[in-house]
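Here the structure comes first, spelled out in structure tokens, and everything after it is commentary.
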Amino acid sequence: KSSLSKTLDLLTEDKLNDAVSLITNAQQLSFFGLGASEVVAFDAYQKFLRTQITAIYNSDYHMSLMQAAKMTSNDCAIVISHSGRNLDTLKMTKVLRENNVPIIAITSFSSSELAKIGDVTFYSVSDDSKYRSQAVASLISQMSIIDCLYMSIMRDETVNPSPKLTKINAVIKQTRE
């Protein structure tokens with residue numbers, strides 16, 4: 001079975017619903033990821049920018065720390081780390097936790113500190129392969145988790161599109177022939 005199939009097997013409807021509830025009730029949704037996980041955080045930001053949710057992302061570590069310091073219990077953070085042990089990522093989660101910010105964690109290791117910190121934790125499976133690196137499998141699995149969250153949010157938004165969503169779609173449509 002592939003890493004992606006194994007990741008999706010671990011994605012329960014209850015966890016997905018819990019995460020969607022945290023996201024939809026948040027005043028703002030911030031994405032945090034460093035190194036290769038930064039690619040996933042940026043991809044998530046780009047997707048959620050198309051929703052009516054206020055999405056925030058900073059690629060600079062110090063700016064991310066400042067963003068974490070500004071957040072409150074009325075917000076939500078999605079923190080992504082393959083190992084779940086990156087010291088800088090854990091520093092950001094400590095700041096978030098001090099501010100009682102709900103955290104959705106995405107990691108590959110259930111025993112990691114990040115996995116234990118998350119209010120809702122998703123696991124991305126990444127099997128070693130001699131043909132592709134573990135990091136690539138992890139990125140694909142992490143992006144798939146983000147896609148599931150995004151599609152869950154958009155499923156509800158497309159039924160009753162808000163004026164914000166209508167405006168976003170109109171602006172994006174202007175970029176195409």
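Details
- Candidate set: segment 75-91, residues that are open to solvent by less than 50 Å² (accessible area, probe 1.4 Å) and either within 12 Å of residue 113 (Cβ to Cβ) or among the basic types (Lys, Arg) (or both); chosen: the one modelled with the lowest pLDDT: 83
- The numbered conditions (1) buried (at least 20 other Cβ atoms within 10 Å of the Cβ); (2) within 10 Å of the chain's Cα centre (by Cα); (3) over 18 Å from residue 114 (Cα atoms) are all true for residue 42 except (1).
- Filtering segment 140-177 to residues that are under 17 Å from residue 20 (Cα atoms), in contact with a Ser or Thr (Cβ under 8 Å, 6 or more places away or on another chain) and not aromatic (Phe, Trp, Tyr) leaves 142, 144, 145, 153, 154, 156, 157.
This table checks each residue for (1) of a type in the set (D, E, K, R); (2) touching a Phe, Trp or Tyr at 6+ places or on another chain (Cβ under 8 Å).
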residue: 52; (1), (2): no, no
residue: 56; (1), (2): no, yes
residue: 70; (1), (2): yes, no
residue: 78; (1), (2): no, yes
residue: 85; (1), (2): yes, yes
residue: 90; (1), (2): no, no
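- Residue 12 modelled with pLDDT under 95 and buried (at least 18 other Cβ atoms within 10 Å of the Cβ): no
- Pick from segment 102-124, criterion touching a Gly at 6+ places or on another chain (Cβ under 6 Å) and hydroxyl-bearing (Ser, Thr, Tyr), ranking: surrounded by the most Cβ atoms within 10 Å (Cβ to Cβ): 107
- When residue 60 is tested against (1) open to solvent by less than 70 Å² (accessible area, probe 1.4 Å); (2) in contact (Cβ under 8 Å) with a residue 12 or more places away in the chain; (3) over 28 Å from residue 155 (Cα atoms), exactly one condition is not met: (2).
- Within segment 98-111, the set of residues being more than 13 Å from the chain's Cα centre (by Cα) and at pLDDT below 95 comprises 108, 109, 110, 111.
The values are calculated or read from the model by the stated rules, or taken from the named source; none is laboratory data. For clarity, every value in this text was computed on a predicted model and none was experimentally measured. Counting neighbours? That spans all protein chains shown, and the Cβs are built from the backbone with ideal geometry, glycine included. Quick note on the areas: whole protein, heavy atoms, side chains included, nothing else; ligands and nucleic acids left out. Shrake-Rupley method; radii C 1.70, N 1.55, O 1.52, S 1.80 Å.
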